[in-house]
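Q: Quick one: this structure, given as structure tokens, is what I'll be asking you about.
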Amino acid sequence: MSKAPVYTGTGEPHDGVDALPAPPPWRAFDGGGDRPLDPPAEDPAGAPDRTHRAVTYRPTEQAVQLVNAALYLRRPLLVTGPPGSGKSSLAYAVARELRLGPVLRWNITSRSVLADGLYQYDPLSRLYAAARVQAGQDLPSGGELQDHLRLGPLGTSLLPYRRPRVLLIDEIDKSDLDLPNDLLNVLEEGQYEIPELRRAARSTPEAQVMVDGGDERVAVTAGRVRCHAFPFVVLTSNGEREFPPAFLRRCVRLQLRQPEEEQLEAIVRAHLGEPDAYARTLIARFLERGNSGELATDQLLNAIYLTGTSGLTADSRDELAEQLMPYLSHHEDHGGAEEPDTF
């Protein structure tokens, strides 16, 4: 791209996001006014597996280019690809390199609705708390609305942070048919309302609301939330369904494919160190078999890790590697037959 990249893909943390130019006029947001929120620092107690994924992720040149396009345009990044191609790891890698704090993650199921991502309100717990207050068994604040409402990952990402938060909406293709369309307005406008707080705004104009992933509270005025820095939103899809054109045209789209030999070696090197002769043999076999069926990179890593540390004989190693790399699905050839699942 013509503009200097903010995300480099090197994995070395830096503050380059502060040099991100102003957004296009049609993607400018003003939440927080002159006093935006400081995003949280990286969680020192963060999950080790997620840190490992961020450190070892090796993006393609196209991935780096389109991540920067999404950052510059303030648009969601729709990442499509087969299982194990690194779709969700990309979000953690960007968050780590650009020092954008903990990733907010929304795992989608067939029952997910927009409200799940924005906030959760528990009226029953508020009712019970109010009863305890009346009985003198709890503090007077226990019955307050704000104590029974928590922002979800999408709702938290749209708070007026000074730097963009990273939001991972994982496996959007598993959602109900309506969810992509329901997301359109929120992601287009960069804002939403919380009706329960709107109705209470006359008596409580500002509420201290809990955010996703911790006990931190932030002020929400008159039940309205509007972003300051548009979040870096990664939506992942296994390509199992089509999305509405209106949804697609609002996203930057990245198609990940199975890595080629050079990239596979770099991935193995990042996770397990320099590949030995047998590991290189497995890489070659993995690439060969990829022409007949769908395989995931983590299957290869599992095979290299176990066959390299188990002290097995050559025949036993081959048998174990075969069992660890079964096809996830077969590619159909022109004759309609499937290739045998062997080395």
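Throughout, read-outs are computed from the coordinates displayed, never taken from laboratory work. Note that the structure is a prediction, hence the values are computed from the model and not measured. Backbone-built Cβ (ideal geometry, glycine too); neighbour counts: all protein chains shown.
Q: Can you figure out the FRET efficiency of residue 28 with residue 109, using R₀ = 45 Å and their beta-carbon distance, to the nearest 0.05?
A: Details: r = 34 Å, r/R0 = 0.75.
Computed FRET efficiency for residue 28 and residue 109: 0.85.
Q: Where does the chain land at 222 nm, in deg cm²/dmol rounded to the nearest 500, when only DSSP H runs of n ≥ 4 count, each adding -39500 (n - 2.57), divided by all residues?
A: Taken over the chain, the calculation gives -10500 deg cm²/dmol.
Q: For residue 204 and residue 260 in the same chain, what is the full-extension length gain: residue separation times 0.36 nm, less their Cα-Cα distance, in nm?
A: Residue separation times 0.36 nm, minus the Cα-Cα distance, leaves 14.4 nm.
Q: If you put +1 on each Lys and Arg Cβ and -1 on each Asp and Glu Cβ, how big is the dipole of segment 16-255 around its Cα centre, in Debye rounded to 20? Present the calculation step by step, with values, prior to reporting the outcome.
A: On the way: 29 positive and 30 negative charges, 87 e Å.
Dipole size: approximately 420 debye.
Q: Please give the direction-averaged projected area of the C-alpha convex hull for segment 261-330, in square nanometres with one decimal. Walk me through the intermediate numbers first.
A: Values: hull surface 17.0 nm².
If I average the Cα hull's projected area over directions, I get 4.3 nm².
Q: While we're looking at this one, here's another question. Report the net charge of residues surrounding residue 110, where surrounding means a beta-carbon distance below 13 angstrom and charges are Lys +1, Arg +1, Asp -1, Glu -1. Walk me through the numbers on the way to the answer.
A: Details: positive: 111, 174, 241; negative: 116, 171, 173, 176, 178, 240.
That sum, taken over residues with Cβ under 13 Å, equals -3.
Q: Okay, next question. Arranged from highest to lowest average of other beta-carbon atoms within 10 Å per residue, in what order do the peptides 167-173, 272-278, 60-66 appear? Intermediate values should be presented prior to the final figure.
A: Values: 167-173: 22.0, 272-278: 12.3, 60-66: 16.3.
My ranking of the peptides, most packed first, is 167-173, 60-66, 272-278.
Q: Which residues' amide hydrogens lie under 5 Å from the amide hydrogen of residue 212, considering only partners 5 or more residues apart or on another chain, with H built in the peptide plane?
A: 151, 156
Q: Among 119, 208, 256, whose Cα projects farthest towards the positive end of the dipole of the chain, with charges put on the beta-carbon of Lys, Arg (+1) and Asp, Glu (-1)?
A: Result: 208.
Q: Per q in 0.06, 0.12, 0.15 1/Å, what log10 I(q)/I(0) does a Debye calculation on the alpha-carbon atoms of the chain return?
A: Summing over Cα pairs of the chain leads to -0.28, -0.92, -1.25.
Q: Follow-up question, since we're still on this one. Let a ≥ b ≥ c be the square roots of the eigenvalues of the Cα gyration tensor of segment 233-300; is it rounded (a/c under 1.5), or, if not, prolate (a/b larger than b/c) or oblate?
A: Details: a/c = 3.75, a/b = 2.21, b/c = 1.69.
Prolate is the answer for segment 233-300, as a/c is 1.5 or above and a/b outweighs b/c.
Q: Summing +1 for each Lys or Arg and -1 for each Asp or Glu, what net charge is found among the other residues whose Cβ lies under 13 Å from the Cβ of residue 210? Intermediate results must be reported in sequence, preceding the final value.
A: Working: positive: 150, 217; negative: 122, 144, 147, 212, 215, 216.
Cβ neighbours under 13 Å give a net charge of -4.
Q: Ranked highest first by average number of other Cβ atoms within 10 Å, how do 215-225, 236-246 line up? Write out the running numbers ahead of the final one.
A: Numbers: 215-225: 15.6, 236-246: 14.1.
Result, highest mean first: 215-225, 236-246.
Q: Taking amide H atoms as placed 1.01 Å from N in the peptide plane, list the residues 5 or more away in sequence, or in a different chain, whose amide H sits under 5 Å from that of residue 161.
A: 37, 228, 229
Q: Same structure again: Taking the dipole about the Cα centre of the chain, with the C-beta of Lys and Arg at +1 and of Asp and Glu at -1, give me whichever of 145, 69, 108 is farthest to the positive side.
A: The Cα lying farthest towards the positive end belongs to 145.
Q: Length gain on complete extension for the stretch residue 52 to residue 188, per 0.36 nm per residue less the alpha carbon to alpha carbon distance?
A: On the way: separation 136, 0.36 × 136 = 48.96 nm, distance 3.27 nm.
Result for the pair: 45.7 nm of gain on full extension.
Q: If I stretch the segment between residue 170 and residue 73 completely, what's the gain in nm (0.36 nm per residue apart, minus their alpha carbon distance), one decimal? Intermediate results must be reported in sequence, preceding the final value.
A: Working: separation 97, 0.36 × 97 = 34.92 nm, distance 2.12 nm.
Once the chain is fully extended between residue 170 and residue 73, it gains 32.8 nm.
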